[in-house]
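What follows is one structure encoded as structure tokens, with my remarks underneath.
We did not get these values from a lab; they are worked out from the coordinates using the rules stated. Owing to the predicted nature of the structure, the values given are computational and were not obtained by experimental measurement. Cβ coordinates were reconstructed from backbone atoms using ideal geometry, including for glycine residues, and neighbour counts include every protein chain displayed.
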Amino acid sequence: DAWAPMGPKGRVRDDAGKILTAYLKGRPAFEADDQSALIYLLLSHKDAWMEKVYVENQYYLHGFWEGLVDKYEEMVEKYHPGLGDERWPFVTHFVGCKPCGSYADYAVDRCFKSMERAFNFADNQVMEVYGFRHRGLLSTKVKRIRNETVSPLEFVDKFDIRRPHAETKP
């Protein structure tokens, strides 16, 4: 009930967006969105909500796209996924991009290219386990990055992804 009034299209949502932008440091000025509204409620009504909610802060769950997409190569070179100060984002959030052509803060072409880079950055993390990677973050082409004949089971052992064996009783 507390969250719902910030959602309807129109003046209510626009006014709620102004409140959220004023209250949440670093939030760009635009209509209310569900993530900002939820954080606003958690911070401004701590007594009502915080005992019922666990806020994860050990992982970089999501980050604003504009500050991330041009730094993916640097992240791969210098940092690693998981805990730490320079964590890779679990999700790249494309707030302000409206590919449908409606009101948007960013050029559609920039949004699409950035979305492709974000997708390929995530895709590389999955494909790397199998020995592949995109040739570049704006490329759909894939290249082999590991010679399977040298150590074909390296990642199987590293990530312990073998099929479970039936336990044998002595």
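Residue separation of Trp3 and Met50 scaled by 0.36 nm, minus their Cα-Cα distance, works out to 15.5 nm of gained length. Which entries in Lys25/Lys158; Lys9/Lys78; Lys78/Lys113; Lys25/Lys98 show an alpha-carbon gap greater than 32 Å? As for pairs spanning more than 32 Å Cα to Cα, those are Lys25/Lys158; Lys9/Lys78. The packing ranking of peptides 74-80, 13-19, highest mean first, is 13-19, 74-80, where packing means the average number of other beta carbon atoms within 10 angstrom of each residue.
In this simple spin-label approximation, Cys100 and Lys113 carry label points 7 Å from Cα along the Cα→Cβ vector, and these lie 2.5 nm apart.
Electrostatic bookkeeping for Ile19 treats Lys and Arg as +1 and Asp and Glu as -1; over the other residues with beta carbon under 15 Å from its beta carbon, the sum is 0. Label-to-label distance, Leu24 versus Lys78, with points set 7 angstrom from Cα along the beta-carbon direction: 2.7 nm.
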